[in-house]
Amino acid sequence: MCSKACADELEISRKIVADSEAAFAEHKTSTQIYIDALIANKKLHSSMLGTWLLFFAASVVKSTSYGDSDYAITFGVIFFVFILFSVLKIKINANAIQKLSNKSIQPTADASAD
């Protein structure tokens with residue numbers, strides 16, 4: 001048994017721990033935040049891939065209308081590099097998301113358990 005002051009201090013400490021646990025439970029872990037950022041980055045590169053493909057198609061159409069193959073080759077190579085970069089970034093992000101999703105997060109032992 002402890003004194004009245006000790007019991008009051010212990011009750012305040014338990015309330016602080018309970019409030020902290022409740023606040024922590026409401027927030028995302030850093031891993032989940034990183035996964036969300038990777039998903040957003042993957043969506044960005046997917047839309048960029050579509051854009052580069054449209055630009056590539058437009059440059060091919062324009063070069064056929066002008067009859068100039070140098071134009072299509074030059075921009076075709078440039079857009080091919082952009083397309084390749086976007087595809088690689090999508091694959092890298094997908095692999096990172098999969099690794100982070102499979103990683104199990106071990107909860108820490110509850111220090112307030114009696």
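In segment 42-96, the convex hull through the Cα atoms has an average projected area of 3.2 nm², a quarter of its surface area. The packing ranking, built from the mean of other Cβ atoms within 10 Å per residue, places the peptides 55-67, 79-91 in the order 79-91, 55-67, highest first. Normalised by the number of residues in the chain, the average gap of Cα pairs under 8 Å and 6 or more apart makes the relative contact order 34 percent. Using just its DSSP H runs of length 4 or more, each adding -39500 (n - 2.57), the chain gives a mean residue ellipticity at 222 nm of -30000 deg cm²/dmol after division by all residues. Net charge within 13 Å of Asn93 by Cβ-Cβ distance, Lys/Arg positive one each and Asp/Glu negative one each, not counting Asn93 itself? Cβ neighbours under 13 Å give a net charge of +4. Cut-off under 16 Å on the C-alpha distance; same-chain residues fewer than 8 positions from Lys103 excluded. Which lysines are left, in chain and number order? Leaving aside lysines fewer than 8 places away in the same chain, those within reach of Lys103 are Lys28. The computed Cα extents along the principal axes in Å for the structure shown corresponds, within (i) 95, 21, 13; (ii) 61, 25, 22; (iii) 49, 25, 25, to (i).
FYI, it's all coordinate maths here, none of it is from the lab. Since the model is a prediction, treat every value here as computed from it, not as a measurement. Glycine also receives a Cβ, built like all others from the backbone with ideal geometry; neighbour counts cover every protein chain displayed.
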